[in-house]
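The values are calculated or read from the model by the stated rules, or taken from the named source; none is laboratory data. Since this is a predicted model, take the numbers as computed values, not measurements. Note: ideal-geometry Cβ built from the backbone for every residue, glycine included; neighbour counts use all protein chains shown.
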Amino acid sequence: MKTIGIADTTFARYDMYGSVVDELNSIGTGFDVKRYTVPGIKDLAIAVQKLIGDGCDLVLALGMPGPEPIDKQCADQASRALLNVELKHNVHVLEVFVHEDEADNDRELGRLADNRSREHAVNAYDLLFRQDRLQRMAGTGQREGHPDAEPIR
Amino acid sequence: MKTIGIADTTFARYDMYGSVVDELNSIGTGFDVKRYTVPGIKDLAIAVQKLIGDGCDLVLALGMPGPEPIDKQCADQASRALLNVELKHNVHVLEVFVHEDEADNDRELGRLADNRSREHAVNAYDLLFRQDRLQRMAGTGQREGHPDAEPIR
Amino acid sequence: MKTIGIADTTFARYDMYGSVVDELNSIGTGFDVKRYTVPGIKDLAIAVQKLIGDGCDLVLALGMPGPEPIDKQCADQASRALLNVELKHNVHVLEVFVHEDEADNDRELGRLADNRSREHAVNAYDLLFRQDRLQRMAGTGQREGHPDAEPIR
Amino acid sequence: MKTIGIADTTFARYDMYGSVVDELNSIGTGFDVKRYTVPGIKDLAIAVQKLIGDGCDLVLALGMPGPEPIDKQCADQASRALLNVELKHNVHVLEVFVHEDEADNDRELGRLADNRSREHAVNAYDLLFRQDRLQRMAGTGQREGHPDAEPIR
Amino acid sequence: MKTIGIADTTFARYDMYGSVVDELNSIGTGFDVKRYTVPGIKDLAIAVQKLIGDGCDLVLALGMPGPEPIDKQCADQASRALLNVELKHNVHVLEVFVHEDEADNDRELGRLADNRSREHAVNAYDLLFRQDRLQRMAGTGQREGHPDAEPIR
């Protein structure tokens, strides 16, 4: 039995947590889910660390950075902090960020947030339970949220 | 009984400390406040660390970066140092920065500094005493200081 | 007997792992290879750390960052995390990144990915087995993937 | 009795050390001064660390970054390293940098370097001996080297 | 007897190692030299760490970053990693980087690489054997490779 942590924010405009949990449950079993909600993306790193301290074997960090330059900088700070936590505890942390300017309107943005969350839920499951599946897809241009890229031979 | 630390600067042009304490007292009880004042935002990280060493269960770091590129860089350095301290000690640190160019005039800037300080005081209280409240607001587009964003369904 | 780790991604569009292993085998013997595949370049640092934890004496981290500004930022985050892991464990980690905008078309990109992977495989072998060879080439303008530069006397 | 460390560089074009010591002596007593001179601003962090290892209770790091983009980047690297040292040892480190392009001519630059050094000497003294003074000035727009900003009520 | 480490790269186009050793020998005695050659500037930090692990009392890190934006980013990553190693081990690490776009042609570039290497060799010697000399030159506008700047009184 594994424990999957999910950290999310009140800043995000879409319930990415719902998408991740729904997808995880549709893939398989063998895991519990723990959740920790914080105000913004800069708080995700400590939320992740607390989830790891609580026994999580892998954590997904969900966030939706805004479109302004200062938001980009905050996202960068948050990303690097997530990497630090991941390496400090040697536990996989999947950053699932959807930037508000990746979509032209709210409907598209919602769909992107849902898709990316679901595809990273699959990555989480693969990292924990079926690493051979990742290995078979190595170098094949997989993308999360957007269509996959073409592999080059 | 919890202890909430507040680090602030002589560089800031508004008494954000006053707003935070006033708001905290209007929300509830069960906490003490400790304060540490430093010259500028780059000194906030060590102030926070000293407050944590002094027993604080959560710290708010209050600052008002200037509008120049060099000020932005200083703010970025300060932010990353705050994240480092937070992760090192596993204690929530809420960065409450008001950038001088977020407002068109001093009156607006003062109002923004007051609002943001108060909304982060609520976040601090929620993180310490009512995490379920944060979870209920996850993915709903909460903003601090500015009007909230629209949630996407 | 040395162990060479190879971390790669499902995001990459070319099988750089194949090139590295093929080249390593053509150079010499005295080593085993271990592989760890992750979704994207930001996951490479922890993959490398897990490979080191698994006994690797040197690790190659293979990735193909996309062409957008956000991809460049991700690559930068990934690079710095790789450096952190390398220094933490005192084990050589060779970053082998091929940026999608380094080539004009897929065919050229594939050739560049293959060449760079192979030349870094040689670097890996040299670092482990023949450091004197590196010393003899010091200051001579060696490049990986692109033609070498002219030495200045 | 406290010990105040001062790290400075041969790269700087003004004797900021002289200004700091002169100002410190004019404020009060109760401290000794130790000095460590290095080539450039990137060497300041280790100089500070060595001063802390030598028993300093607070360190001022004095530097004058050049005006080119590469100089700005070096200054940023130096600043972040100073923050790291400060947090690692939990000792206040005051960064006193004067950027060459902050002034229009050498005379102005010299005056700015002198003023900023002196005002940070006061900050150093306050942090060590009279923290209540800093607290009274919190949120009042203090600036070092340039005229203070207007407080907002 | 002190040990001076020198880390250099096969990527560099000039034999900076030769310049450093020649200059060191012309200044004085009392030291041994150890060398570690790596492929590129990103590998310098671990080379330095291995030299420190091997007993070096100070290390010079020699590199020649290319002129492209990606090269600048690599140089920045390498610089920060060098600072991390320096602070972790509390041993002076002198970064001696010559950026390819600092000179107009190869001849000038070679001369710059030679000069800068030699002037940093002097810095290395001063840090180890005659710190008073550095102190006497504090605030006097010393430059390495380029002509010194004017001191301001």
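Scanning segment C:1-58 for residues that are farther than 19 Å from residue A:87 by Cβ and among the aromatic types (Phe, Trp, Tyr) gives C:11, C:14, C:17, C:31. Do we find a residue being under 26 Å from residue D:148 (Cα atoms) and out of contact with any Leu (no Cβ under 8 Å at 6 or more places or on another chain) anywhere in segment B:43-54? The answer is yes; a qualifying residue exists.
Anything in segment D:10-31 that is more than 7 Å from chain E (Cβ to nearest Cβ) and farther than 19 Å from residue D:129 by Cβ? List them, or say none. Hits for segment D:10-31 are D:18, D:19. Remark: pairs (first residue in segment D:133-153, over 25 Å from residue D:64 (Cβ atoms) and modelled with pLDDT of 95 or more; second residue among the small types (Gly, Ala, Ser) and in a helix (DSSP H, G or I); Cβ separation under 7 Å; 6+ apart in sequence or on different chains) = D:152/B:110. Here residue E:39 meets the list (1) more than 13 Å from chain C (Cβ to nearest Cβ); (2) more than 16 Å from residue E:95 (Cα to Cα) almost entirely, failing just condition (1). Here residue D:30 fits the description: surrounded by fewer than 22 Cβ atoms within 10 Å (Cβ to Cβ), at positive phi, touching a helix residue (DSSP H, G or I) at 6+ places or on another chain (Cβ under 9 Å) and not charged (D, E, K, R).
Would you confirm whether any residue within segment C:109-116 is over 24 Å from residue E:99 (Cα atoms) and in a loop (DSSP other than H, G, I, E, B)?
no
As for segment E:64-80, it holds no residue that is farther than 30 Å from residue C:100 by Cβ and at pLDDT 95 or above. Do the conditions hold for residue D:86, that is, is it at pLDDT 95 or above and acidic (Asp, Glu)? It is true that residue D:86 is at pLDDT 95 or above and acidic (Asp, Glu).
Looking across segment E:50-92, the residues that are buried (at least 21 other Cβ atoms within 10 Å of the Cβ), touching a Phe, Trp or Tyr at 6+ places or on another chain (Cβ under 7 Å) and in a helix (DSSP H, G or I) come down to E:51, E:75. Restricting attention to segment C:89-101, the residues being within 23 Å of residue C:15 (Cα to Cα) and more than 13 Å from chain A (Cβ to nearest Cβ) number 6. For segment B:130-149, the candidate set comprises residues that are hydrophobic (A, V, I, L, M, F, W, C) and either in a loop (DSSP other than H, G, I, E, B) or out of contact with any helix residue (DSSP H, G or I) (no Cβ under 9 Å at 6 or more places or on another chain) (or both); within that set, the residue that is surrounded by the most Cβ atoms within 10 Å (Cβ to Cβ) is B:138. Here segment D:102-153 is the region considered, the condition is being more than 9 Å from chain B (Cβ to nearest Cβ) and among the small types (Gly, Ala, Ser), and the residue that is farthest from residue B:13 (Cα to Cα) is D:110.
Taking segment C:1-26 as the range and being buried (at least 17 other Cβ atoms within 10 Å of the Cβ) and in a helix (DSSP H, G or I) as the test, the residues that pass are C:16, C:17, C:19, C:20, C:21, C:23, C:24. Hey, could you check segment C:98-117 for residues that are surrounded by fewer than 21 Cβ atoms within 10 Å (Cβ to Cβ) and within 17 Å of the chain's Cα centre (by Cα) and say which is nearest to residue C:63 (Cα to Cα)? Checked segment C:98-117; the qualifying residue nearest to residue C:63 (Cα to Cα) is C:99.
Residue count for segment C:24-58, restricted to those that are touching a residue at least 60 places away in the same chain (Cβ under 8 Å) and over 17 Å from residue A:138 (Cβ atoms): 6. Would you say residue E:119 is acidic (Asp, Glu), part of a helix (DSSP H, G or I) and under 20 Å from residue E:23 (Cα atoms)? Criteria met by residue E:119.
Being out of contact with any helix residue (DSSP H, G or I) (no Cβ under 6 Å at 6 or more places or on another chain) and either at pLDDT 95 or above or more than 27 Å from residue E:89 (Cβ to Cβ) (or both) is the requirement here; does residue C:95 meet it?
No: the conditions fail for residue C:95.
Within segment A:93-108, restricting attention to residues that are part of a strand (DSSP E or B) and in contact (Cβ under 8 Å) with a residue 40 or more places away in the chain, the residue that is farthest from residue A:48 (Cα to Cα) is A:97.
Against the conditions (1) facing another protein chain (nearest Cβ under 8 Å); (2) of a type in the set (Lys, Arg); (3) closer than 23 Å to residue C:137 by Cα, residue E:80 satisfies every one except (3). Does residue D:86 qualify as being closer than 17 Å to residue B:68 by Cβ and facing another protein chain (nearest Cβ under 7 Å)? So residue D:86 fails the test.
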